[in-house]
Amino acid sequence: MFDPGRLVMVDIPGTSLDAATADFLSAQKIRAVCLFRKNIGTEDEVRALMRDLVAVLGPEALIGIDQEGGAVVRVTFLPQPPSAMALGASGDADRAEAVGAAVARGLKSLGINWNFAPVLDVNNNPANPVIGERSFSSDPVEVSRLAAAWMRGSLREGVACCVKHFPGHGDTHVDSHHALPTVDKSRAELKALELVPFKALLSQAPAMMTAHIVYPQIDPDRPATLSPELLGGILRRDWGYDGVVITDALMMKAVAERFGYARSAVMAIEAGADMVLAQGSPAEQQVAIDALREAFATGRLTAQQGETANRRLDGLAAAYPARAVDDSAARAADHALMAEAWVAGLTALRGAQPPALDAPLRVIVQGDVPTDKVSEAGPTGRQAVALFDGFTDVQVQMVDDIARLDWAGVPRDGRSNIVVSTRRARYGGAAGGWRPDLHLALWNPYQALDVAGPTVLTWGFAPGALAALKAWLEGRAPASGRPPQGLQ
């Protein structure tokens with residue numbers, strides 16, 4: 001008889017496995033851990049952590065991570081992949097496959113066997129606060145094509161993918177980390193857009209992650225994560241999906257504040273999920289585990305439900321074992337691949353041209369962008385200013401909040417005014433009056449809709465993205481990417 005602890009994925013503190021955490025994992029029969037930036041030390045430290053985790057979790061360990069690309073990358077010493085939309089801008093499926101393979105090689109070199117990527121959300125809502133450049137496109141067919149290629153690369157290299165967020169997070173105005181979004185669409189409307197990539201990749205995806213979103217025309221009371229109509233109905237019964245289904249984090253406010261850890265853990269398995277992602281303190285994790293144990297003991301959850309979920313998870317771990325494989329022969333080439341892919345995605349809008357190296361410039365940029373706990377912290381103003389190291393006459397105007405920029409106060413003194421955005425959020429209506437000579441959006445490409453004038457999109461701010469933009473500014477690289485519909 002399996003233990004319900006095997007159906008729970010937890011997070012852990014620190015860059016090494018302390019005795020108390022190891023005892024907790026062992027006592028609760030946990031086999032799955034999700035890593036975050038807080039767990040990533042040096043490469044040697046990560047490898048040691050993986051060895052210690054597998055020793056405690058056992059040979060059927062599942063060690064997950066969000067190594068999507070762009071701003072959602074936890075291990076930064078590995079070759080850093082472009083965001084999905086950067087790959088979408090180049091439109092090259094072979095490149096997407098190569099990037100997916102390189103990401104997997106890096107993770108496999110550490111012993112990580114489960115990547116919560118690629119994103120299958122169709123970002124058809126420019127106001128979406130959480131998906132944006134994490135999506136390959138606003139076109140569901142293009143999302144399907146490029147995500148399939150990315151996943152082929154990853155699976156070939158031996159790292160399990162987990163497509164997300166079923167049944168689609170692309171058309172939301174609310175970030176489910178902070179509140180409960182609603183997408184008021186019929187099943188027919190979802191079938192025509194959001195569900196297209198999930199259905200297309202159904203047979204290839206070894207795992208799926210759920211969305212904490214209410215689709216009231218299908219289930220008015222529960223988000224997809226907890227919905228028998230969406231998980232047990234559409235995904236399991238109608239589509240016949242027998243891969244692993246894992247919830248997005250139960251600690252996200254969309255679920256935690258409305259349903260709580262205990263209730264949501266049980267409801268998720270009841271709905272058709274196989275594993276719940278229960279981040280938080282050991283006490284919070286214990287609540288989810290105890291709730292599942294009680295549900296199985298009382299018969300609310302049946303032994304068959306538990307055994308089926310455990311079978312799927314065992315199969316995933318067997319197919320993609322958590323075993324480190326040396327990638328040193330490929331590491332340098334993979335770094336070069338990522339750099340080339342960032343260049344290929346660089347996109348110029350509205351006739352944007354690089355300024356002359358001796359032109360007098362004014363660079364306006366926000367000084368600091370802290371992490372929002374989902375993506376990493378944005379680039380610093382200092383990093384943005386370094387893009388102009390090759391120019392001879394640069395004046396810097398550092399601001400606390402770029403969205404509060406008063407354009408009327410920007411001097412008209414013959415300098416070219418260049419606005420560099422290092423933040424994730426859209427600017428809002430205040431930017432409608434801005435008239436920069438050049439606008440550089442280093443994170444959210446949809447900021448191009450807020451500011452009139454020539455714009456360059458990098459789709460992210462990893463070193464490869466900044467190097468590509470610097471090369472363009474200095475006339476050494478093209479910006480030939482094609483933006484998705486809605487940004488053209």
I need the full set of residues from segment 275-289 which are buried (at least 24 other Cβ atoms within 10 Å of the Cβ) and either within 20 Å of Phe166 (Cβ to Cβ) or outside the structural domain of Ala317 (by TED's automatic domain parsing) (or both), in order please. Met275, Val276, Leu277, Ala278
Within segment 183-271, helices (runs of 4 or more DSSP H) holding 2 or more residues that are in contact (Cβ under 8 Å) with a residue 60 or more places away in the chain and within 20 Å of Ser138 (Cα to Cα): 195-200
Per-region count, segment 419-446, residues surrounded by fewer than 22 Cβ atoms within 10 Å (Cβ to Cβ) and among the β-branched types (Val, Ile, Thr): 0
Six or more apart or on different chains, Cβ under 7 Å: which pairs go from a residue in segment 286-312 that's in a helix (DSSP H, G or I) to one that's surrounded by fewer than 15 Cβ atoms within 10 Å (Cβ to Cβ) and of a type in the set (Lys, Arg)? Could you list them? none
Cβ pairs under 8 Å, 6+ apart or interchain, first in segment 72-88 and over 10 Å from Gly345 (Cα atoms) and without any contact (Cβ under 8 Å) to a residue 12 or more places away in the chain, second surrounded by 24 or more Cβ atoms within 10 Å (Cβ to Cβ) and among the β-branched types (Val, Ile, Thr), ordered by first then second residue, are none
Give just the number: which of (1) on the phi > 0 side of the Ramachandran plot; (2) modelled with pLDDT of 95 or more does Lys373 not satisfy? (2)
Per the list (1) in contact with an Asp or Glu (Cβ under 9 Å, 6 or more places away or on another chain); (2) surrounded by 13 or more Cβ atoms within 10 Å (Cβ to Cβ), residue check on Asp358 breaks on (2)
Among the residues of segment 88-127, the number that are assigned to a helix (DSSP H, G or I) and either outside the structural domain of Ala147 (by TED's automatic domain parsing) or under 14 Å from the mean Cα position of the chain (by Cα) (or both) is 2
Which count do you get for residues in segment 347-361 that are assigned to a loop (DSSP other than H, G, I, E, B) and either in contact with a Cys (Cβ under 8 Å, 6 or more places away or on another chain) or closer than 23 Å to Val394 by Cα (or both)? 10
When you go through Ala322, Ala317 one by one, which is the residue that is within 24 Å of the chain's Cα centre (by Cα) and under 27 Å from Pro82 (Cα atoms)? Ala322
Among the candidates Gly306, Gly272, residue that is surrounded by 15 or more Cβ atoms within 10 Å (Cβ to Cβ), assigned by TED's automatic domain parsing to the domain that holds Pro167 and within 17 Å of Ile30 (Cα to Cα): Gly306
Mind listing whichever residues of segment 228-257 are closer than 18 Å to Trp114 by Cβ and either in contact with a strand residue (DSSP E or B) (Cβ under 9 Å, 6 or more places away or on another chain) or surrounded by 24 or more Cβ atoms within 10 Å (Cβ to Cβ) (or both)? Tyr241, Gly243, Val244, Val245, Ile246, Thr247, Asp248, Ala249, Leu250
Of all the residues that make up segment 7-27, how many are assigned to a helix (DSSP H, G or I) and touching a strand residue (DSSP E or B) at 6+ places or on another chain (Cβ under 8 Å)? 2
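The values are calculated or read from the model by the stated rules, or taken from the named source; none is laboratory data. Source: prediction; values computed, not measured. In this analysis, Cβ positions are derived from the backbone assuming ideal geometry, glycine residues included, and neighbour counts consider all displayed protein chains.
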